[in-house]
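Enquirer: Following this message is one structure expressed as C-alpha cells.
Every number here is computed from the coordinates shown, using simple stated rules; none is lab data. Owing to the predicted nature of the structure, the values given are computational and were not obtained by experimental measurement. Here the Cβ is made from the backbone with ideal geometry for all residues, glycine too, and neighbour counts use every protein chain on show.
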Amino acid sequence: MEKRRLSFWEIWNMSFGFLGIQMGFALQNANASRILQIFGADVHELSWFWIIAPLMGLIVQPIIGHYSDKTWGRFGRRKPYFLVGAILASVGLILMPQAEIFIAFLPALWVGAGMLMIMDASFNIAMEPFRALVGDNLRTDQRTLGFSVQTALIGFGAVIGSWLPYALHHWFGVSNETSEGVVPFNLILSFIIGAAVLVTSILVTIVSTKEYTPEELDSFEEDQVHAKTIEHNSEDKKSSLFDIFEDFRKMPATMRQLSWVQFFSWFGLFGMWVFSTPAIAHHVYGLSLDDTHSSTYQNAGDWVGILFGVYNAVSAVYAFFLPAIAKKLGRKRTHSVSLIIGAIGLLSIYFAPDQYWLILSMVGIGIAWASILAMPYAILAGSIPPRKMGVYMGIFNFFIVIPQIINALIGGPIVKYVYDGNPIFALVISGISFLIAAALVAKVKDEDDEVTLETK
C-alpha cells in the first residue's frame, strides 16, 4: 500500500499554518533586538537575550516531536500541537512590545525577554510538528515539493511580517516616533496583527488537512522498508521520554553528516539576525552605537525589516524552483551552491555604499535561506523511519539550536572585545560560516537523491 499522491493545493493547505508562524517569527527576528535596545539592552548584551530562542528549541522540539509521534485522538496526531503553540505564541506577540505596562512589577527589559521566551517556546511547539507532517503525509517523490512549499509559505509570511512596521508607518501613517523606553506604535500594532494572522492560518491547516492514522502509517510500503531500522522489541515496550536519548545515539549516518552543515548554516544565520539592526545603523547609516532612540535609528530599524522582507521574498520565489534545480543538479549540489551565494550576500554588506545596495545582498541571503529551510529536511526525510519522523525531526533541531546557543554566548563578548564594539564584523563571520557549511555538504550521503538519479 502507498500513500495517496496529494495535489499542489492539498500540500499548500497542509503547510499554510507556517505562513502565520513565520510572520510572527519574522516580526521577532527583525525587531527583537530593536525592542530590547529600546528597553535598555546594550549592543553586546543582545546575543545573551537571544539565547532564549535556541534554548527553547533545544528543550521543546525533541519533546514535542516525541509526544506528537505517540499522540492520536479525535483532533489528530500533529494538529493539537499546532493549535496550542499558535495560541501561546500570539500571547507573547501581543505582550512583548508592550512590556512597559508591567513596569510596576518588573523592569520592561526583563518582561520583554520573558515574552521572547514564551514566543520562542510556542513557535517551536507549533513548528516542529509541521516538519513531521510532511514526512507523514507525503510520498518520497513529493517530499522535496512539500518542503519547498513550506519554504515558500515561510517566505511569504516573513515578507509580510518584516515589512509590516514599515508599511504601517509609511503607507498608513501609523507613528514610529517614540520616547525613551517606549516601543513605537507601528511596532506594537504590527505584533498584534501578527498574532491574529498566526491563529487564523493555523486554523486553515487544522480544518483542511487529514492525517493518517497510526494503523494506516504502519500499512504503507515505505514504513515497511524502514522497519528493519527499528528494533522491534522496543516497539512493544511502553514508550518513554528517555527514548529520545536512545534515538539520538542511533541517529542515521545522513543525519550525523548533515549536523555539521546545519551547525555552520545556523551559526551564520543567528549572527545576522542578532546584529543586523545595530550593524546597519552604525556601519551604513553612520549612527553612534549608543543611539537607540533617534528618528534615524527608528528608520534604520524599519529598513532592516524591509531588507529581511526582501530576503524572505526571494526565498519564497526560489523555493518554487528548488525541486527542478535539485532534480537537475542533485540536492547536495543545489544546497552547496545556494549557501555559497548566501555567503557572498552576507560578505557584501560590509562593502555596501548605502542602504539601497543592501537589497542586492539580501537577494543572495534569500537564496541560501530557501535552501536551508528545504534541502536538509528533504535529504533527511529519506533516511529516517517514518514512525520516528517526529522525534528525529526534533532531534535534528539540536543542530540548529546548538550553534545559536554558542553564538549567543560568545557573539556579544566578541563584538565588544574583539571587534571593538562594531557589530558589522559579526555579519562578516556569518558569511564565512556559510562558506564552511557549503564545503561540508560534499560529505553528506543523500539516499533518496541517489535512488532518483539511478532511476532516471
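Enquirer: Summing +1 for each Lys or Arg and -1 for each Asp or Glu, what net charge is found among the other residues whose Cβ lies under 9 Å from the Cβ of Gln142?
Expert: Details: positive: Lys3, Arg5, Arg139, Arg143; negative: Asp141.
Result for the local shell: +3.
Enquirer: Report the calculated FRET efficiency for Leu409 and Glu2 (r = Cβ-Cβ distance, R0 = 45 Å), to the nearest 0.05.
Expert: Between Leu409 and Glu2 the formula returns 0.45.
Enquirer: Hey, another quick one. Run through region 1-48 and list the GluC sites (Glu not before Pro) located in a DSSP loop whose Cβ has at most 15 other Cβ atoms within 10 Å.
Expert: Values: sites: Glu2, Glu10, Glu45; in loops: Glu2.
For GluC sites (Glu not before Pro) across region 1-48 that sit outside H, G, I, E and B with at most 15 neighbouring Cβ atoms in 10 Å, the list reads Glu2.
Enquirer: How far apart, in nm, are two points set 7 Å out from the Cα along the Cα-to-Cβ line at Ile432 and at Glu10?
Expert: 4.9 nm
Enquirer: Given Cβ point charges of +1 (Lys, Arg) and -1 (Asp, Glu) and nothing else, what value in debye, to the nearest 20, does the dipole of region 284-435 about its Cα centre take?
Expert: Result for region 284-435 is approximately 1120 debye, rounded to the nearest 20.
Enquirer: Over region 62-219, what is the relative contact order in percent, taking alpha-carbon pairs closer than 8 angstrom and at least six residues apart?
Expert: 31 percent
Enquirer: Note down the nm distance, to one decimal, between modelled labels 7 Å out along Cα→Cβ at Thr200 and at Asp291.
Expert: A separation of 3.8 nm, rounded to one decimal place.
Enquirer: Based on the Cβ-Cβ distance of Arg256 and Arg139, what FRET efficiency does E = 1/(1 + (r/R0)^6) give at R0 = 35 Å, to the nearest 0.05?
Expert: Efficiency, from the Cβ-Cβ distance: 0.85.
Enquirer: As an exercise, use a Förster radius of 35 Å and the Cβ-Cβ distance of Phe320 and Phe351 to find the FRET efficiency, rounded to the nearest 0.05. Spell out each step's value before the answer.
Expert: Details: r = 30 Å, r/R0 = 0.87.
The computed FRET efficiency comes out at 0.70.
Enquirer: Where the only charges are on Cβ atoms (+1 Lys, Arg; -1 Asp, Glu), what is the dipole of region 241-360 about its Cα centre, to the nearest 20 debye?
Expert: Here region 241-360 has a charge dipole of around 920 debye.
Enquirer: A follow-up question, please. For region 141-150, take each phi angle, set θ = phi - 60°, evaluate the Karplus expression 6.51 cos²θ - 1.76 cosθ + 1.60, and give the result in whole Hz per residue in order, putting x for glycine and proline.
Expert: 6, 10, 5, 4, 4, x, 6, 5, 4, 4
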